[in-house]
1. Pop out the ³J(HN,Hα) list for the range A:83-97 in order, Karplus 6.51 cos²θ - 1.76 cosθ + 1.60 with θ = phi - 60°, rounded to Hz; leave Gly and Pro as x.
2. Can you compute the modelled spin-label distance between B:LEU135 and A:ALA193, with each label point 7 Å from Cα toward Cβ, in nm?
3. Over chain B, one equal point on each Cα, no solvent: what is log10 I(q)/I(0) by the Debye formula at q = 0.08, 0.09 Å⁻¹?
4. Go through B:24-31, B:122-129 and give me the packing order, highest mean Cβ count within 10 Å leading.
5. When the chain is fully extended, how far beyond the present Cα-Cα distance does B:ASP148 get from B:LYS83, taking 0.36 nm per residue of separation?
6. Given a cut-off of under 8 Å on Cα pairs at least six residues apart, what relative contact order in percent is computed for the range A:85-199?
7. Counting only protein chains, not ligands or nucleic acids, how are A:SER120, B:SER204 ordered by accessible area (probe 1.4 Å), most first?
8. Let me confirm one metric for peptide B:55-68, namely the mean number of other chain beta-carbon atoms within 10 Å of its residues' beta-carbons.
Amino acid sequence: MVVKVYGPVFASPKRVLVCLVEKEIEFEGVPLDLLKGEHKDPEFLKLQPFGTVPVTQDGDYVLYESRAIMRYYAEKYKSQGTDLLGKTVEERGQVENWLEVEAHNFDPHVFNLTLHVMFSSKLGIPRDENVIKESEEKLSRVLDIYEERLSKSKYLAGDFFSLADLSHLPFTQYLVGPIGKEYMITSRKHVNAWWNDISSRPSWQKVLQLYPAPL
Amino acid sequence: MATPVKVHGPPLSTAVSRVLACLIEKDVPFQLIPVNMAKGEHKSPDFLKIQPFGQVPAFQDEATSLFESRAICRYICEKYPEKGNKGLYGTNPLAKASIDQWVEAEGQSFNPPSSVLVFQLAFAPRMKLKQDQSLISQNEAKLEKVLDVYDKRLGESRFLAGDDFSLADLSHLPNAHYLVNAAERGELFTSKKNVERWWGEISSRDSWKKVVDMQKQST
């Protein structure tokens, strides 16, 4: 069965795509233009009632929220491809810990930067310089904590690459690229080494090649 | 006899109470270690060693040290699958995926606006901080839209992830409790038929009543 992934050119769906590549699962991107508001179409809202991407369709099985989708496939195909969940309950706990850190401490700030720096003019919303400044400050403090963590641990959850690291790929790629704040990564020795490591994984390079960013 | 797990943080904290609710549902013995946030104990060097972001809760289970309430809840369910409510995190992969989907929905769609409202309406007055009316209206509007989606879902399904109470419903208890009981925003829940029915069921669970007791006793 081929897994359909809606909105593959956008950032959040790319978490799912890179996970599926790591797990050697076949997928098919289904185009959805958020810039044209296609995520608010009644047909799409039947699949994802909150009107966001990604959604996956695996035969009849529909699932949404990128981090829920990743957990499902990483567990279902545990014995295939890269192990992204750690080997023990304790290691899994660390993966969950840092995946939640990404979701609640990292993502909100980098998402605000994405919205205001990259997409505000396309979406017809005012670019708010205060939001950009505050988001960069908050993200900076978070990255200081990451720097400390990554000075003691090769990857976020331990000495193994996991969903916790993978979840950072799409928006960090925006941060060092179109958002123009690569210095936030390169100025931190261990964060920089970690970013170079995870972003040069063949799986991530493949996803970027298949579905270049919309801007 | 295993050592009880340790939870660091005040029971009045929404994130701490999420973990307490899960521990009580799972019948996992725990020790609650107070953290006096008014005195800044959550920013002390000792605390930052177990939670580098200076947030509560922090959690320890023998040699394992974790933070982030939703991660701690998942860990508790996976480490102790046979204890207490065995279905809290699902007993098969599809049930678990549905629960994860709705825990994510809580974290990404329900939590942001409800947290702002809880802070502005329940905590700011007590801390003698000025309320931001525009922030309150914006987040009320956002939360209304989210609860519209919930109302539709709960018309099709008894609980968010399916027929059984799960981590997904539990995850909503802390913020919703304050909105209803300390922020005079009960109408957000009672004005929607299915949400009202669901809120009535989940908030009357024994485990949640015990957490509310712990919160009352801590004041």
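The values are calculated or read from the model by the stated rules, or taken from the named source; none is laboratory data. In this text the structure is predicted, and so the values were computed from the model without any measurement. Note that we place each Cβ from the backbone using ideal geometry, even for glycine, and neighbour counts take in every protein chain shown. In case anyone asks, the SASA skips ligands and DNA or RNA and just uses the protein heavy atoms, side chains included. Shrake-Rupley method; radii C 1.70, N 1.55, O 1.52, S 1.80 Å.
1. Per-residue couplings from phi come out as 7, 10, 10, x, 9, 10, 4, 5, 5, 4, x, 5, 4, 4, 4 Hz.
2. With each label point 7 Å from Cα toward Cβ, the separation is 3.9 nm.
3. Here log10 of I(q) over I(0) equals -0.28, -0.35.
4. B:24-31, B:122-129
5. Extending this stretch completely gives an extra 19.9 nm.
6. 32
7. Largest accessible area first, the list is B:SER204, A:SER120.
8. For peptide B:55-68, the averaged partner shielding equals 3.
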